[in-house]
Ligand code: URA
């Protein structure tokens with residue numbers, strides 16, 4: 001038996017050096033005892049094997065990518081699993097394509113769990129302010145990840161909070177950003193991080209403003225936001241009263257929806273030929289909603305908090321397509337909850353479209369922005385990003401099967417038409433799409449918000465509402481036909 005003792009819990013390069021040494025020496029996976037730095041060492045009395053720096057064999061890039069992530073999983077078997085796969089890949093380079101293979105399945109599962117963990121860290125880390133005697137402000141956060149995901153997630157916080165001096169402390173490691181460079185350190189304790197600070201109130205206000213009963217329900221049921229994270233959130237003490245208020249609102253909503261006539265759409269089985277995204281098989285809208293979080297089709301995922309998928313009835317007759325989530329949508333994980341959403345809601349209500357029967361989504365699922373101090377300034381997605389994200393919009397159209405689609409703004413129109421579009425030329429008349437869907441094009445609601453002149457704004461608002469009247473009439477005509 002050969003033993004390998006790694007120093008780091010999650011260092012792919014360290015593991016790779018050791019694995020190359022073993023591979024070069026022809027040591028079969030069954031003869032290797034990998035010692036997790038945290039688990040008991042010395043179970044097997046044997047000599048360590050020399051490290052190998054020379055590349056050996058060859059593996060598909062997909063293995064490297066998955067292995068780099070999976071190595072941060074807290075599963076003590078991860079090093080052995082990776083070596084077994086590395087060994088097997090030498091004989092069968094297409095092994096990763098065998099999704100039923102237990103080693104492959106496990107690798108994918110380990111990597112997915114780490115990505116989820118990293119995502120939770122991005123969403124739930126809360127910085128607290130520390131003022132020193134000289135008045136210098138620093139920020140610190142305590143977080144308890146399930147895996148060793150701090151190192152892979154810290155660059156996200158660097159990009160997001162590059163103007164601050166901060167530390168994130170976890171039980172196994174810590175990360176420090178001094179405004180110029182990122183350093184790592186040992187793990188710590190919750191008490192290393194201050195419990196109260198001046199910005200506490202801001203978090204609470206923020207949380208109650210984005211609080212939404214449906215999100216909470218999903219979060220609780222799916223354990224997206226497990227109670228263990230709540231402990232570290234200042235807003236946790238607001239949760240109980242909010243839930244009480246939300247339950248009443250939710251009950252009211254259930255009663256309203258229950259009184260709607262049942263959908264006339266026949267629920268068809270999802271098409272088998274839909275290409276699975278990375279590791280996920282996408283055969284339903286719910287699958288797509290889950291899979292989009294792992295989207296790497298363009299670089300926008302790197303900076304956004306999360307992908308924001310569409311929302312609304314599964315088989316809505318009408319789908320509104322916006323550009324991309326804004327700052328608030330990015331944080332809340334829901335489309336059109338910010339200022340543009342308010343404009344849209346008001347106009348939809350004014351013309352008499354039942355908002356609860358509308359599916360609302362975006363052409364691009366990740367927020368594109370430029371950090372400016374603590375603010376995130378919206379950036380228009382480019383053609384490549386729009387095209388890359390069409391995959392997700394197509395899935396939404398495929399599963400929801402709307403009869404009418406409304407493109408809100410040039411980005412949505414470009415995505416849906418496959419070419420750049422001028423709103424003024426396209427608005428006011430239906431466009432029949434290849435699949436028979438009727439498309440209406442109008443301005444984006446945030447365009448209205450940006451018009452400084454009041455009179456011009458009122459005029460554009462009227463034009464926007466007139467476009468929505470066409471949509472309402474189209475829906476009514478459809479309903480009359482059935
Ligand atoms: N703008 C959009 O296009 N979509 C949103 O979800 C929010 C703002």
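The values are calculated or read from the model by the stated rules, or taken from the named source; none is laboratory data. Computed from a predicted structure; not experimentally measured. Ideal geometry is used to build each Cβ from the backbone, glycine not excepted, and the neighbour counts take in all protein chains shown.
When residues in region 305-315 are screened for being surrounded by fewer than 22 Cβ atoms within 10 Å (Cβ to Cβ) and either more than 12 Å from the ligand (Cβ to nearest atom) or assigned to a loop (DSSP other than H, G, I, E, B) (or both), 6 of them pass. Against the numbered list (1) in contact with a helix residue (DSSP H, G or I) (Cβ under 9 Å, 6 or more places away or on another chain); (2) surrounded by fewer than 18 Cβ atoms within 10 Å (Cβ to Cβ); (3) under 30 Å from residue 398 (Cβ atoms), residue 451 comes up short only at (3). The set of residues in region 332-353 that are touching a strand residue (DSSP E or B) at 6+ places or on another chain (Cβ under 9 Å) and on the phi < 0 side of the Ramachandran plot comprises 334, 335, 340, 341, 344, 348, 353.
Restricting attention to region 416-475, the residues that are part of a loop (DSSP other than H, G, I, E, B), in contact (Cβ under 8 Å) with a residue 60 or more places away in the chain and more than 16 Å from the ligand (Cβ to nearest atom) add up to 0. Among residues that are out of contact with any helix residue (DSSP H, G or I) (no Cβ under 6 Å at 6 or more places or on another chain) and at pLDDT 75 or above, residue 173 is not included. Meeting the requirement of 2 or more residues that are more than 14 Å from the ligand (Cβ to nearest atom) and touching a helix residue (DSSP H, G or I) at 6+ places or on another chain (Cβ under 9 Å), no strands (runs of 3 or more DSSP E) wholly within region 326-379 can be named. Annotation: residue 375 fulfils all but one of (1) surrounded by fewer than 16 Cβ atoms within 10 Å (Cβ to Cβ); (2) over 30 Å from residue 158 (Cβ atoms); the unmet one is (2). For residue 390, the stated conditions hold: it is touching a helix residue (DSSP H, G or I) at 6+ places or on another chain (Cβ under 6 Å) and surrounded by fewer than 19 Cβ atoms within 10 Å (Cβ to Cβ). Might you let me know whether region 131-151 holds any residue that is assigned to a helix (DSSP H, G or I) and touching a residue at least 60 places away in the same chain (Cβ under 8 Å)? Within region 131-151, one or more residues are assigned to a helix (DSSP H, G or I) and touching a residue at least 60 places away in the same chain (Cβ under 8 Å).
Checking region 177-199 against the condition returns no match, with no residue being buried (at least 18 other Cβ atoms within 10 Å of the Cβ), within 23 Å of the chain's Cα centre (by Cα), at negative phi and modelled with pLDDT of 85 or more. In the set (1) within 16 Å of the ligand (Cβ to nearest atom); (2) surrounded by 18 or more Cβ atoms within 10 Å (Cβ to Cβ); (3) in a helix (DSSP H, G or I), residue 291 fails one condition alone, (1).
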